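A.B. asks: Okay, handing you the structure first.
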Amino acid sequence: MNTFKTLLFAIVALSFSVATFTEAQEMNDKLSLSAKQRSIVTIAAFTASGDMQKLKTVLNEGLDAGLTVNEVKEVLVQMYAYAGFPRSLNGIGTFMGVLDERKQKGIKDEIGREASPLPAGKSSIELGTEIQTRLAGRPVTGPIYAFAPVIDQFLKGHLFGDIFGRDVLDYRSREIATISALANMTGVDSQLQAHFNIGLNVGLTEAQMRSLISVLKAKVGTKEADNANELLGKVLSSRAK
């Protein structure tokens, strides 16, 4: 009987320890970005700014942190929608060189899965409208879209449908990439604020946003981090009203 009680006590204690560890891990996940997410910050930021030397370094760090080849490619491809084709193509070319160098060193990087097919029977604009509305928390309208309706079609159909509709990265990862890219660009504060809002909408916590900004401060620059921090403060104040 004593043996049975001892065994039962051990099982209960182990279950409690596992539950406590799980809760602690979940809390930690909400308080900071993972190593992979921190790498997405720097990869997006340096692709957007066109700093290929620094990008080369953080691409290696991202792969070492566990990002797959396809996940990194997805970040670099997404960047063309925010920083333009030249920066995106330069980033992809730099990544190809990094992979070649790692292969020569005998490093085998995980390729990762391909994107699933987009939903059948639904146009890119229909899909993109659904995704954009979900991310923004409401239908997106405004004078600029009435003035230039084609940009609204491109945003909904191509950015949110063709790009955000690809499931290699989840919405949180895509927003981390977008926020980081915009934070390392000038003259796009309104867009950065909008994407801070979207990031919160898709489940990124304030603590994770602060973690993102801390990565920017350590790796990109104090000026960029301070500006992002100020804009995040405005977003949080607005949401609190």
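The values are calculated or read from the model by the stated rules, or taken from the named source; none is laboratory data. For clarity, every value in this text was computed on a predicted model and none was experimentally measured. All Cβ positions, glycine included, derive from the backbone under ideal geometry; neighbour counts span all protein chains shown. We work out accessible area using only protein heavy atoms, side chains counted, and drop any ligands, DNA or RNA first. Shrake-Rupley method; radii C 1.70, N 1.55, O 1.52, S 1.80 Å.
A.B. asks: For region 110-133, how many residues are of a type in the set (D, E, K, R) and either in contact with a helix residue (DSSP H, G or I) (Cβ under 8 Å, 6 or more places away or on another chain) or surrounded by fewer than 13 Cβ atoms within 10 Å (Cβ to Cβ) (or both)? Lay out the reasoning, then the answer.
C.D. replies: Applying the first criterion (of a type in the set (D, E, K, R)) to region 110-133 yields 110, 113-114, 122, 126, 130.
From the residues that got through so far, the ones that are either in contact with a helix residue (DSSP H, G or I) (Cβ under 8 Å, 6 or more places away or on another chain) or surrounded by fewer than 13 Cβ atoms within 10 Å (Cβ to Cβ) (or both) too are 110, 113-114, 126.
Final tally of qualifying residues: 4.
Let's see how each residue does on (1) touching a Cys at 6+ places or on another chain (Cβ under 7 Å); (2) outside any helix (DSSP H, G or I); (3) open to solvent by 10 Å² or more (accessible area, probe 1.4 Å); (4) not polar (S, T, N, Q):
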residue	(1), (2), (3), (4)
VAL150	no, no, yes, yes
LYS156	no, no, yes, yes
GLY165	no, yes, yes, yes
ALA181	no, no, no, yes
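A.B. asks: In region 94-109, what residues are open to solvent by 100 Å² or more (accessible area, probe 1.4 Å) and basic (Lys, Arg)? Talk me through it step by step, then tell me what you get.
C.D. replies: Taking region 94-109 and keeping what is open to solvent by 100 Å² or more (accessible area, probe 1.4 Å), we get 96, 103-105, 108.
Selection gives LYS103, LYS105, LYS108.
A.B. asks: May I ask you to list the residues in region 195-228 that are open to solvent by 10 Å² or more (accessible area, probe 1.4 Å), within 17 Å of the chain's Cα centre (by Cα), farther than 14 Å from LEU33 by Cβ and without any contact (Cβ under 8 Å) to a residue 60 or more places away in the chain?
C.D. replies: If the condition is that a residue be open to solvent by 10 Å² or more (accessible area, probe 1.4 Å), within 17 Å of the chain's Cα centre (by Cα), farther than 14 Å from LEU33 by Cβ and without any contact (Cβ under 8 Å) to a residue 60 or more places away in the chain, then HIS195, LEU200 are the ones that fit.
A.B. asks: Inside region 75-93, can you point out the residues that are assigned to a helix (DSSP H, G or I) and open to solvent by 10 Å² or more (accessible area, probe 1.4 Å)? Before you say what the answer is, go through the steps one by one.
C.D. replies: In the first step, residues of region 75-93 are kept if they are assigned to a helix (DSSP H, G or I); the result is 75-78, 80-83, 85-93.
Scanning region 75-93 gives VAL77, TYR80, ALA81, TYR82, ALA83, PHE85, PRO86, ARG87, LEU89, ASN90, ILE92, GLY93.
A.B. asks: Within 24 Å of GLN191 (Cα to Cα) and either part of a helix (DSSP H, G or I) or modelled with pLDDT of 95 or more (or both) - does that describe any residue in region 14-26? Before the answer, list the steps.
C.D. replies: If we filter region 14-26 for residues that are within 24 Å of GLN191 (Cα to Cα), which is where we start, we get none.
No, there is no match, as no residue in region 14-26 is within 24 Å of GLN191 (Cα to Cα) and either part of a helix (DSSP H, G or I) or modelled with pLDDT of 95 or more (or both).
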